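Undergrad: Sharing a structure, written as structure tokens. Questions coming.
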Amino acid sequence: MIQLSGAGKRYGHKLLFENLDWLITPQDRIGLVGANGTGKSTLLKILAGSETLDYGAVTAARGITAGYLPQDGLQLSGRTVFEECLSVFSDLQQMEREIEQLTGSLADLDHEGPEYAAAADRLHRLEGEFRARDGYAIEAQAGAVLSGLGFGKADWSRLTDEFSGGWQMRIALARLLLKKPNLLLLDEPTNHLDLETRNWLEQYLAGYPHAYILISHDRYFLDVTVRKTIEIWNKAVHFYSGNYEKYLREKTERRAQIEAAYRNQRERIEQLEAFINRFRYQATKAKQVQSRIKELEKIERIEIPREEREIHFKFPQPTPSGRLVAECRDVAKSYGAKLVFRRVNFTIDRGDRVALVGVNGAGKSTLMKILAGLEPASQGHFRLGHNVEPEYFAQDQYKVLDAEARMLDDLWNLAPSHTQTELRSLLGAFLFSEDDVFKKLGVLSGGERNRYALARILLHPSNFLLLDEPTNHLDLRAKDVLLEALQDYSGTVVFISHDRYFIDKLATRIIEIADGAVSVFPGNYEDYLWRKENGPIAESRPLPGPTLDDVPGLEKAGRNGRTGTPKRNAFRVRQLRDRCSQLEEQVAEAEADITACETALQTFVNAEETIRLTERLEARRTELSALIAQWEQASTELETNSG
């Protein structure tokens, strides 16, 4: 379909790739991977025809069309969303108008005349082509794609000018999907999509009738959508069969084979050199020496590819917080007449890793800001626990940075107690080395800004991390390293991410925000989807009731300090009775949950589910012990004050 021969591309003195021979076939599903800056987007632009090769040639079969979606930068205007989508069917719309015109003219023409016969023949051919191309369903197709990409019906009649950059990219994606080019070229199509829309796009691509090539930093998305993986690395293009997971395995195996071949070759070279050096000056061995010299000269030396640079870092292990990290009781948030959510009740415990999910605009970032103390709740009560130190990482964290400041100077101002060597080492861990550390923050790319903002967090150890899209603009390897660091982190994490793999591997609880309501689900995103499909069962983690110390006016010992006799107080007794009743209910709930976990463990599903249930069982048993201890203490106090 499309072929590249001896293809090469450079920018100035930087060579991106060379000697690329590649044939793209009609049903290819290809994922294009590689570190930032290796030339992935450039290669897509070459295939789209908007960039040219410096070496080699690209040829395409006649009639082949390519459709390209860039990462960002598109701006549509002048039409409604629905009109913009229908514009890709302009030839079918013109055909429909001609069909209507011919149908009307046939009524006025002489049925026996040649003009009638020609018009009827033309109408017959047009109607056949119109039906074959599904012309009567174009509005239904446009509606289905727009709905799948998150546009409500009310949005269809709005002008495209009214939408932000992310939604503009969704409109552009909708146009491409409806146009169905022979080669679909998508550069980070999931950047501006929430999880629900990504799930829909995965299903759409599964039924796409032609070839497509994707660039994506979403590992799960690549795993379920591609059948071939092509990597740009070390100025060359490498081909792998299978999805991203298989590519990682195969790449490891290839490297192991190269290293084994390198060791064998080195052993042979050393043997030859030893023989030559030993017998070089012995006439009786001259023939054998010359033979080995020729063999040595013919050896094509194997080179071990250089290890790719990766981010290496760990979050500082923070000082422990109390068991309760954050608590929301009947929290509501609104902006004027617009209600974001209401009646939010949940607790976050030490060590929890909570993912906030929901469609764009549902209120995830708003809830995150309430947890960070940056937004007040409109109603209800929110509090942080004992010794909790929050640290907030915003989507647009770079906007609070001084664009004119140099990286090293900015870190120095933030942490003057650190030496320059320590700060340079930290920046080096995030791939900022040598003269890069003197770059002004304003000239950094999106990925560089995000890496730098993460580096700044390391200077302030925190036990409660609030991360709003920390994976934006990070490549796949950087995401994996960040994931490992967060998995090893001993503090508490609340995060927003549209990366399915990242959520699945990190989250221990899911908080869903939808239609103004907030629901809590145990487990990762896969568990959340299963519960949604099989009847949503939100996690019932009881809110911690007030401890005895929290009861207003209640003395710890329950005695009058002057006389040493019990201080009887009817109000206090009533409070203690209510507290005992509350604790008894919580004990019953914990015991029921423990029984449910024990029953579930009797049926093996998979190793991950067994581990999750076991951890939950242990946590609930610990919680039960604490509740019983509180009940015993409250009961003792009640007896003392009732006696």
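The values are calculated or read from the model by the stated rules, or taken from the named source; none is laboratory data. None of these values were measured; they are calculated from a predicted model. Because the Cβ atoms are built from the backbone with ideal geometry, glycine has one as well, and the counts that use them run over all protein chains shown.
Undergrad: I'm trying to understand the selection: among the residues of the stretch 487-515, which are of a type outside the set (Val, Ile, Thr) and over 25 Å from Val224 (Cα atoms)?
TA: Of everything in the stretch 487-515, those that are of a type outside the set (Val, Ile, Thr) and over 25 Å from Val224 (Cα atoms) turn out to be Asp488, Tyr489, Ser490, Gly491, Ala514, Asp515.
Undergrad: Over 29 Å from Leu576 (Cα atoms) and surrounded by fewer than 15 Cβ atoms within 10 Å (Cβ to Cβ): which single residue out of Thr595, Thr603, Thr636 fits that description?
TA: Thr603
Undergrad: Could you check Leu431 against (1) modelled with pLDDT of 80 or more; (2) among the aliphatic types (A, V, I, L, M); (3) within 22 Å of the chain's Cα centre (by Cα) and say which number it fails?
TA: Here Leu431 clears every test but (1).
Residues are listed down the side, and each one gets a yes or a no for (1) within 19 Å of Thr190 (Cα to Cα); (2) surrounded by fewer than 20 Cβ atoms within 10 Å (Cβ to Cβ); (3) of a type in the set (Val, Ile, Thr):
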{"site": "Leu454", "(1), (2), (3)": "no, no, no"}
{"site": "Asp468", "(1), (2), (3)": "yes, no, no"}
{"site": "Ala485", "(1), (2), (3)": "no, yes, no"}
{"site": "Asp488", "(1), (2), (3)": "no, yes, no"}
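Undergrad: Which pairs do you get when a residue that is free of Cβ contacts under 8 Å to residues at least 60 places away in the same chain, found in the stretch 141-169, comes within reach of a residue that is assigned to a helix (DSSP H, G or I) and among the small types (Gly, Ala, Ser), reach meaning Cβ atoms under 6 angstrom, with the pair 6+ apart or on two chains?
TA: Leu149/Ala174
Undergrad: Could I ask something else about it? Just checking, how many residues over the stretch 118-158 are surrounded by 12 or more Cβ atoms within 10 Å (Cβ to Cβ) and either hydroxyl-bearing (Ser, Thr, Tyr) or outside any helix (DSSP H, G or I) (or both)?
TA: 7
Undergrad: So, one more: Hydrophobic (A, V, I, L, M, F, W, C), modelled with pLDDT of 55 or more and either under 40 Å from the mean Cα position of the chain (by Cα) or within 24 Å of Gly322 (Cβ to Cβ) (or both): is that true of Ile513 in this structure?
TA: Yes: the conditions hold for Ile513.
Undergrad: Can you find a residue in the stretch 404-415 that is under 27 Å from Ile503 (Cβ atoms), crowded, with 17+ Cβ neighbours inside 10 Å and not charged (D, E, K, R)?
TA: no
The rows are residues; the columns are (1) in a strand (DSSP E or B); (2) of a type in the set (Asp, Glu); (3) not assigned by TED's automatic domain parsing to the domain that holds Ser157.
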| residue | (1), (2), (3) |
| --- | --- |
| Arg10 | yes, no, yes |
| Phe17 | yes, no, yes |
| Asp21 | yes, yes, yes |
| Gly31 | yes, no, yes |
| Asn36 | no, no, yes |
| Thr42 | no, no, yes |
| Leu47 | no, no, yes |
| Ser50 | no, no, yes |
| Thr59 | yes, no, yes |
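Undergrad: For Ile230, which of the numbered conditions (1) loosely packed, with under 14 Cβ neighbours inside 10 Å; (2) in the same structural domain as Ile24 (by TED's automatic domain parsing) fails to hold?
TA: (1)
Undergrad: Out of all the residues in the stretch 164-183, is one or more at positive phi and over 27 Å from the mean Cα position of the chain (by Cα)?
TA: No: zero hits.
Undergrad: Next question. How many residues are over 23 Å from Ala66 (Cα atoms), at pLDDT 90 or above and polar (S, T, N, Q) if we restrict to the stretch 128-178?
TA: 3
Undergrad: (1) at pLDDT below 90; (2) closer than 19 Å to Asp187 by Cβ; (3) hydrophobic (A, V, I, L, M, F, W, C): which one isn't true of Leu106, the others all being true?
TA: Failed condition: (2).
Each row is one residue, and each column tells you yes or no for (1) over 20 Å from Ala507 (Cβ atoms); (2) not acidic (Asp, Glu).
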site: Asp435; (1), (2): yes, no
site: Val443; (1), (2): yes, yes
site: Leu465; (1), (2): no, yes
site: Glu469; (1), (2): no, no
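Undergrad: Pairs, please: C-beta under 8 Å, at least 6 apart or cross-chain, first residue on the phi > 0 side of the Ramachandran plot and in the stretch 71-85, second surrounded by 15 or more Cβ atoms within 10 Å (Cβ to Cβ) and not charged (D, E, K, R)?
TA: From residues that are on the phi > 0 side of the Ramachandran plot, the pairs are Gly78/Thr160.
Undergrad: Would you confirm, using the coordinates I've provided, whether Asn450 is farther than 23 Å from Pro320 by Cβ, surrounded by fewer than 21 Cβ atoms within 10 Å (Cβ to Cβ) and touching a helix residue (DSSP H, G or I) at 6+ places or on another chain (Cβ under 8 Å)?
TA: When the stated conditions are applied, Asn450 does not pass them.
Undergrad: Further question: Give Ile304, Ile311, Ile269, Ile258 a once-over and let me know the one that is under 49 Å from the mean Cα position of the chain (by Cα) and at pLDDT 90 or above.
TA: Ile269
Undergrad: Evaluate the stretch 483-493: report whether one residue or more is in a loop (DSSP other than H, G, I, E, B), touching a residue at least 40 places away in the same chain (Cβ under 8 Å), closer than 26 Å to Thr347 by Cα and of a type in the set (Phe, Trp, Tyr).
TA: Within the stretch 483-493 (the criterion being in a loop (DSSP other than H, G, I, E, B), touching a residue at least 40 places away in the same chain (Cβ under 8 Å), closer than 26 Å to Thr347 by Cα and of a type in the set (Phe, Trp, Tyr)), the answer is yes, since at least one residue qualifies.
Undergrad: Sort out for me the helices (runs of 4 or more DSSP H) sitting completely within the stretch 331-432 that have 1 or more residues that are among the acidic types (Asp, Glu) and assigned by TED's automatic domain parsing to the domain that holds Phe464.
TA: Filter on the stretch 331-432 gives 407-414, 420-429.
Undergrad: Which residues, counting only those in the stretch 191-250, are among the charged types (D, E, K, R), outside any loop (DSSP other than H, G, I, E, B), in contact (Cβ under 8 Å) with a residue 40 or more places away in the chain and closer than 16 Å to Arg170 by Cβ?
TA: Within the stretch 191-250, Glu196, Arg198 meet the criteria.
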